[in-house]
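One structure is given below, encoded as structure tokens.
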Amino acid sequence: MEGASATLEPLFAFLAHALATAETTFNKLPGSAVIQRYVKSSHQNDPGRTILELILVIFAIRTLLQSRTRADRNGKHFIQFSDKEVDELVDEWSPEPLAQPLTAIEQADLAAVPVVAGPNGPKPKLVSTGKTATNLTSFNFTGLAGNEHIKQKAVETLRKYGLGSCGPPGFYGTLDVHMDLERDIADFLGAEAAILYSQGFSTISSVIPAFCKRGDIIVADRGVNFAIQKGIQISRSTVRWFDHNDLNSLEDALISVEKERKKRRGPLTRRFIITEGIFERDGAMADLPKLIELKYKYKYRLILDETFSFGTVGRTGRGLTELYNVPATKVDMLLGSVAIGLCSSGGFCAGSQNVVDHQRINGPSFVFSASMPALLAVSASEGINILRSTPSILTSLQENVQAAHAILDRVDCITIPSHPASPVIHIQVRSQPGSSLHPSTAATMAIPGKQSNPHSILGKDSSSQDWDIDVEERLLQDVVDEALAQGVILSRAKRLRGQEMSDARPSIRLALTSALTKKETEKAVGIVKAALVKVLGKRR
């Protein structure tokens, strides 16, 4: 035994010296005292934890040191292919399509889209015929698209800043021209501040979830557009619906929300009314003064989407606030489209400074999307200057709108749900008396005086719809084709059937512009009238 101890004594001495050296070296490291205290207290309070942590450390070291692949180096589990066999396998492989193949209807719709040669405008040149046609489809309401002054400014900005911003606004994508445009929009509307988004569609779908959270209350119009629907879905808020552009129904919904809260003795939460200025689906216009009255009466915040009213109505294009002489400060969140109203790109939200600052860190599209190109921001600022200095543009636009209504209102086979001041005019097929195109409505009729269910997006008359989507889409496409043959470009209002919460009635959407004279507008709308009578007259 003594001989064995004498033999191992040098080994023990070496280990003791190594441990002492390691301890001395460890104690020289910054923060080593903190680690020592943690290990001692942890082992004293829970020795089992020390063993577990030691096992985890050993496992981590083993994982780092071992090979990252378990491939059989002998290759006995692998099949060796010759070059010919590899080529045959590659030739036989057919990748899955990135999207579903187009249906026959979708292929026909795509084939019916006219192709334009050169720049788009009020009178573009068609590739199929080589002739010019009158454009009643593009959202060029005030004729800013193609404006030579804006083109010159855009080229100068392109040469100075380059094309893309290369980053999100909160990082390094914000340029001085972006901040200038935000100030221009806020000053133009009379709001305290404004925030700029680089995509028009994602503006409202980002603003809603930035403010509306789970447990909050949203009372929304049943006829809101698809972007608002997506924003409401993302917010996960409690949603109540009111009949399309029916403010009596809105007040009933506001009252029912308060009754529900008192019944279950729930706490007060944030509450929002969401609607549009001019509705994308049918061109109807909201009664802003009444909305403001209800907002203050029941203590709600108002989110107003003026995508189609900003830059199109009011003496200088400021939208519903100017049309109804309502201060913009009374609308909590006023949204508009820079792409549509100013023929540029993106959208904006105007409101108080707190509302704007909150979106800079909570608006998904603002935080994660790259800023719009500088040349588009300058183009939008120049568009605002043009609207300020030449209000006659809006006067000419309204004259064309009135001229179009004067012609179309005399057509018996159609219905126009759009407001008389809306530059977006929707044309729907008038239902034939005593008949129903919709197969599911044979035994259902609307009940007079029936109130709608605010919990459902389906209105009180949803079961009595007397129209069939496929039939009316085909009829309206025939009208579009007939008008195109006569030199007028039209378009059906395109829908995402199956993705929207509710189906909008098929319609032809006219987008009038001040870039056409009144006589040119009357001539083009006269051709539309003749096409409607020719196609829809066959149904009688």
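Overview of results
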item	result
Only one of GLU156, GLU148 that is over 30 Å from VAL424 (Cβ atoms) and either over 26 Å from the mean Cα position of the chain (by Cα) or free of Cβ contacts under 8 Å to residues at least 12 places away in the same chain (or both)	GLU156
Residues (within 25 Å of the chain's Cα centre (by Cα) and either open to solvent by 10 Å² or more (accessible area, probe 1.4 Å) or not charged (D, E, K, R) (or both)) located in the range 296-313	TYR300, ARG301, LEU302, ILE303, LEU304, THR307, PHE308, SER309, PHE310, GLY311, THR312, VAL313
Enumeration of residues in the range 232-280 that are open to solvent by 60 Å² or more (accessible area, probe 1.4 Å), of a type in the set (D, E, K, R) and more than 29 Å from SER507 (Cβ to Cβ)	ARG236, LYS259, LYS262, LYS263, ARG264, ARG265, ARG270
Boolean, SER502 is open to solvent by less than 30 Å² (accessible area, probe 1.4 Å), assigned by TED's automatic domain parsing to the domain that holds GLU399 and modelled with pLDDT under 90	yes
Any hit, the range 358-370, residues being buried (at least 18 other Cβ atoms within 10 Å of the Cβ), closer than 15 Å to ILE208 by Cα, of a type in the set (A, V, I, L, M) and touching a Gly at 6+ places or on another chain (Cβ under 9 Å)	no
Residue match in the range 180-192 (condition: under 17 Å from ARG301 (Cβ atoms), assigned by TED's automatic domain parsing to the domain that holds GLU306 and modelled with pLDDT of 95 or more)	yes
Residue identified as under 19 Å from the mean Cα position of the chain (by Cα), outside any strand (DSSP E or B), in contact (Cβ under 8 Å) with a residue 24 or more places away in the chain and within 25 Å of PHE171 (Cβ to Cβ) among ALA380, ALA370	ALA370
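Conditions tested, residue by residue: (1) open to solvent by 10 Å² or more (accessible area, probe 1.4 Å); (2) in contact with a helix residue (DSSP H, G or I) (Cβ under 6 Å, 6 or more places away or on another chain).
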{"position": "PHE171", "(1), (2)": "yes, no"}
{"position": "THR174", "(1), (2)": "yes, no"}
{"position": "VAL177", "(1), (2)": "yes, yes"}
{"position": "LEU181", "(1), (2)": "no, yes"}
{"position": "ILE185", "(1), (2)": "no, no"}
{"position": "PHE201", "(1), (2)": "yes, yes"}
{"position": "ALA210", "(1), (2)": "no, yes"}
{"position": "PHE226", "(1), (2)": "yes, no"}
{"position": "LYS230", "(1), (2)": "yes, yes"}
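The values are calculated or read from the model by the stated rules, or taken from the named source; none is laboratory data. Nothing here was measured: the structure is a model prediction, and the numbers come from that model. All Cβ positions, even for glycine, are placed from backbone atoms using ideal geometry, and neighbour counts span all protein chains on display. In case anyone asks, the SASA skips ligands and DNA or RNA and just uses the protein heavy atoms, side chains included. Shrake-Rupley method; radii C 1.70, N 1.55, O 1.52, S 1.80 Å.
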